[in-house]
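Inspection log for the structure reproduced underneath, given as structure tokens.
The values are calculated or read from the model by the stated rules, or taken from the named source; none is laboratory data. Since we're looking at a predicted model, the values are computed, not measured. Here Cβ is always computed from backbone atoms with ideal geometry, including for glycine, and neighbour counts include all displayed protein chains. All accessible areas refer to the heavy atoms of the entire protein, side chains included, with ligands and DNA or RNA removed. Shrake-Rupley method; radii C 1.70, N 1.55, O 1.52, S 1.80 Å.
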Amino acid sequence: MRAYLKISAKNCIIPFDHRDELLQIIHQWLGWNSKTEPLPAYCFSRFEGGRNSLQGITFNDDTNFFFSSPDAELVKKLGAGAKANPRLFNGLKVIEIKLSEAPDLSKRELFYAASPLLLEEIKGNQTDYIVYSDEYAEQFLKEHCQLKLSLAGIADETFDVRFDPNYASAGTKKITYNDRIMRASWCQILLKGLPETKQYLWHIGLGDATHLGFGAIM
């Protein structure tokens with residue numbers, strides 16, 4: 001299930017690195033008191049329509065973002081929390097909430113990025129960030145997804161995932177979170193597989209740190 005939230009944002013300015021503020025709000029809506037407790041599978045998108053300025057990200061009108069999970073009760077809980085406490089930060093306020101079941105994805109193979117895709121390769125005490133243009137990025141992403149599917153009990157021999165080679169606006173994005181400088185990809189995704197495979201990944205996102213706002217697709 002997915003919750004689509006419309007946010008009043010006209011003339012608002014938010015920090016470039018606002019991930020922690022948004023996470024605190026999401027955890028508040030879900031009734032979580034600790035960031036260290038075990039997290040269920042979910043992902044969420046970035047705010048749409050923002051423009052970079054010297055002061056931060058600005059909005060000329062309302063914005064939107066979504067929260068998604070295969071756990072429908074979790075999504076409903078977030079929706080209820082947002083309705084009860086609609087204010088976010090820097091003047092942002094929830095003005096509309098819509099809950100939606102996953103659409104029929106059986107004939108879809110092209111998926112659009114709704115937040116940057118993060119791929120982490122840990123080597124001892126070092127973390128390398130793999131981006132879409134790296135030689136083995138697609139194989140790494142595929143193995144990562146297959147692990148998620150395996151943990152969910154989904155077996156799909158037809159599964160495949162690739163970065164869309166025809167997407168001219170593909171690029172990378174540097175993101176700072178908790179004093180860590182990370183490098184993520186912004187690229188459309190080609191996803192093949194059974195309908196339940198696509199729906200599960202549509203719900204939980206791709207790559208690492210989806211619970212921090214990475215890897216959401218639409």
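Among ALA80, ILE175, GLY213, which residue has its Cα positioned farthest towards the positive end of the charge dipole of the stretch 80-218, with +1 placed on the Cβ of Lys and Arg, -1 on the Cβ of Asp and Glu, and the dipole taken about the Cα centre?
It is ALA80, whose Cα lies furthest towards the positive end.
Sorted by mean Cβ packing within 10 Å, highest first, what order do the peptides 200-206, 129-135 take?
Working: 200-206: 24.1, 129-135: 17.3.
Ranking the peptides 200-206, 129-135 by packing returns 200-206, 129-135.
How large, in percent, is the carbon and sulfur part of the accessible surface of the stretch 1-155 at a probe radius of 1.4 Å? Numbers along the way, then the final one.
On the way: 4040 of 8600 Å².
C and S fraction of accessible area: 47 percent.
For the chain, find the longest principal axis of its Cα atoms and tell me its angle to the long axis of helix 195-204, 0 to 90°, nearest 10.
40 degrees
Only helical DSSP H runs with n ≥ 4 go in: add -39500 (n - 2.57) per run for the chain, normalise by residue count and round the 222 nm mean residue ellipticity to 500 deg cm²/dmol.
Values: 4 runs with 50 residues, N = 218.
One gets -7000 deg cm²/dmol as the mean residue ellipticity at 222 nm.
Could you pull out the GluC sites (Glu not before Pro) across the stretch 68-115 that fall in loop regions by DSSP (anything but H, G, I, E, B) with no more than 13 other Cβ atoms inside 10 Å?
On the way: sites: GLU73, GLU96, GLU101, GLU109; in loops: GLU101, GLU109.
Answer in residue order: GLU101.
Loop only by DSSP, 16 or fewer other Cβ within 10 Å of the Cβ. Give me the GluC sites (Glu not before Pro) in the stretch 137-218 that pass, ordered by residue number. Working shown, then result.
Numbers: sites: GLU138, GLU143, GLU157, GLU196; in loops: GLU157.
Filter output for the stretch 137-218: GLU157.
Taking the stretch 59-121, which chymotrypsin sites (Phe, Trp or Tyr not before Pro) meet the DSSP loop condition and have no more than 12 other C-beta atoms within 10 Å? Show your work: numbers first, answer last.
Numbers: sites: PHE59, PHE65, PHE66, PHE67, PHE89, PHE111, TYR112; in loops: PHE59, PHE89, TYR112.
Filter output for the stretch 59-121: TYR112.
Helix 19-30 versus the longest principal axis of the chain: what is the Cα-based angle in degrees, 0 to 90, to the nearest 10?
Around 80 degrees separate the two axes.
Quote to one decimal, in nm, the extra length available between TRP32 and ASN64 on full extension: 0.36 nm per residue of separation minus the C-alpha distance between them.
Values: separation 32, 0.36 × 32 = 11.52 nm, distance 2.29 nm.
Separation in residues times 0.36 nm, less the Cα-Cα distance, equals 9.2 nm.
So what is the relative contact order for the chain, in percent, with contacts set as C-alpha pairs under 8 Å and at least six apart? Display every interim value, and only then the final one.
Details: 437 pairs, mean separation 61.9, N = 218.
The value is 28 percent.
Any idea what the dipole of the chain comes to, in debye rounded to 20, about its Cα centre with Lys/Arg Cβ at +1 and Asp/Glu Cβ at -1? It would help to have the intermediate numbers written out before the result.
Numbers: 25 positive and 27 negative charges, 162 e Å.
Around 780 debye, computed over the chain.
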